[in-house]
């Protein structure tokens, strides 16, 4: 698919001022400006962030009430259950709060619903089961903000519930819980609104342990959940993740050590790439293909040999997930070719009785990226279909689903990703209605993928020193992407060499400088005529091969001259 290159404007005056006063290269100075940093004080905070600058957790509405109730439960040895979610954000939130409450002497257990059998968030049967287990206080993490009926039942049963959640609040309606910790609720003065579920759980734990103990050793879990939930890595999230990755690289948690050994990254400095593409998928695979309890058990394990067995189980689940995902993607692609007319359809909504609910979210993400349409895939194995959606630039998925709620049994999520439940007999009406909403929201131009390019540079402008300097902008992720450059009038030195995983390697030159570049076939980059001139968009990196460092370009797009 043809992509639009959005080459950001250069502010030469500010660039030179930043470069001189901050002692950084003009290229890094421009990157900071591109990230919305307008003052030198902002730039210093960005480059040399201080975790002490994070906000006071007691700024959250409901925090003091929630802490008093939890302290009372700990002192009285009341039975406390942490009710989490089956994804990485939910599991890391659950483990974090479990560690903290345990260390405070609480009588605490955890409950993670089964993805297929119970679905997301609180469910009535789970509440009944917890009542039978004599629970007196439930604390949710990464869920609960839409569980009105379940909270009402718990109230009637005499069970207090504290909701900690980061998801959007539908129609401003808050469940009648004992306390609610969610920065999105009306009247909450907490300044930062983009924390992941684990970020909210960490803030709750911070408030609970103020003046008692330091919990910064759990920032490894905060980094895991925040990165895997694709929360924006700006502001407080970026600070928490940056410090959390340092903790994760030298984690004291037995389970995480075992998982990093099984995946071959135990001796590396952990980055967002390691978390997002190696650690996270294996943790998620537990809940997708089996039960998330194995992943939680790994998180809180105290026996290394047992943890290694669990880590190997998760690795095997991930292999199963990959096979199921490939099968589903093939089926969905075939359905698109026969059912979708992109002259009319601004969205992709597909359903199938055979699809595994645990992989449809990943496949929806791949389809949204390939066809650049808001995508929802629905598993209709049961009477009530379970769907997972992914969005594109300039389209708010949660807000759109809010307008479709008359056709849904339930939904939740945020701007870029959401889950739905829907009756089979509403599927056709939902497809039409959702597509109409997309047509009203997105113009044809917005259905062409855009690549934001920080600067046009020559290959000779690249150096190892510059690339190392750009790492000051890390950790990279949503909202804080790795710097992207464009270089023009290049030629290939030789034909591309095919590598495994649908990728290729090629040597590019501008006649003066030659660089190694890596591309992926699924991005539609295809160099068939090495004599043609072309321009490329890429992120530069350092490739360490047998102790020799060279510059390597990670290609994002290519256009022929």
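Rounded to the nearest 10 degrees, what's the angle between the helix 304-339 long axis and the longest principal axis of the chain, both from Cα atoms, 0 to 90?
Computed tilt is about 70 degrees.
Can you give the convex hull volume per residue for the Cα atoms of the range 55-215, as a whole number of Å³?
In the range 55-215, the Cα hull volume divided by residue count equals 101 Å³.
Per residue, how big is the convex hull around the C-alpha atoms of the range 340-447? Give it to me in cubic angstrom, could you?
For the range 340-447, the hull spanned by Cα atoms encloses 88 Å³ per residue.
Expressed as an acute angle from 0 to 90° and rounded to the nearest 10, what is the orientation of the C-alpha long axis of helix 63-75 relative to the principal long axis of the chain?
For 63-75 against the chain, the angle is about 50 degrees.
Give me the three principal axis extents of the range 116-194 from the C-alpha atoms, as integers in angstrom, largest value leading.
The Cα atoms of the range 116-194 stretch 39, 28, 19 Å along the principal axes, largest first.
What percent of all Cα-Cα pairs in the range 285-349 falls into each 5 Å bin, going from 0 up to the bin containing the maximum distance?
Each 5 Å bin holds this share of Cα pairs: 4, 16, 18, 13, 11, 9, 9, 8, 6, 4, 2, 0.
Could you put 41, 246, 557 in order, starting from the residue whose Cβ has the fewest other Cβ atoms within 10 Å?
41, 246, 557
Calculated from the structure, Kirkwood radius over Cα pairs in Å equals which of [x] 25.2; [y] 26.2; [z] 24.4?
Among [x] 25.2; [y] 26.2; [z] 24.4, the one calculated here is [x].
Compute the angle between helix 12-22 and the longest alpha-carbon principal axis of the chain, please, reported from 0 to 90 degrees and rounded to the nearest 10.
Taking the Cα atoms of the chain, the angle to 12-22 is about 70 degrees.
Sorting 188, 143 on the 10 Å Cβ count, fewest up front, what's the list?
Starting with the residue having the fewest Cβ neighbours, the order is 188, 143.
Based on the mean of other beta carbon atoms within 10 Å per residue, what is the order of 150-158, 438-446, most packed first?
Those peptides, ordered most packed to least, come out 150-158, 438-446.
Among 512, 268, 327, which comes first, second and so on when ranked by fewest other beta-carbon atoms within 10 Å?
Listed from fewest to most nearby Cβ atoms, that is 512, 268, 327.
Take every DSSP beta bridge whose two residues both sit in the range 340-447, then give the antiparallel share in percent to the nearest 5.
75 percent
To check my understanding: the extent here is largest minus smallest coordinate of the Cα atoms along each principal axis. What are those three numbers for the range 69-120, in Å, largest first?
That gives 36, 17, 14 Å along the principal axes, largest extent first.
Antiparallel DSSP bridges in the range 235-393: what percent, to the nearest 5?
Approximately 50 percent, going by the DSSP bridge assignments.
Of the DSSP beta bridges with both residues in the chain, give the percent that are antiparallel, rounding to the nearest 5.
Within the chain, antiparallel bridges account for around 60 percent of the total.
Sorted by mean Cβ packing within 10 Å, highest first, what order do the peptides 113-119, 83-89 take?
83-89, 113-119
Where does each of 283-296, 386-399, 452-465 land if you order them by average Cβ count within 10 Å, highest first?
Per-residue Cβ counts within 10 Å, averaged per peptide and sorted highest first, yield 283-296, 386-399, 452-465.
So what is the relative contact order for the chain, in percent, with contacts set as C-alpha pairs under 8 Å and at least six apart?
12 percent
No lab work stands behind these numbers, since they all come straight from the coordinates. Model, not experiment: these values are computed from the prediction. With ideal geometry, Cβ positions are generated from the backbone for all residues, glycine too; neighbour counts draw on all protein chains shown.
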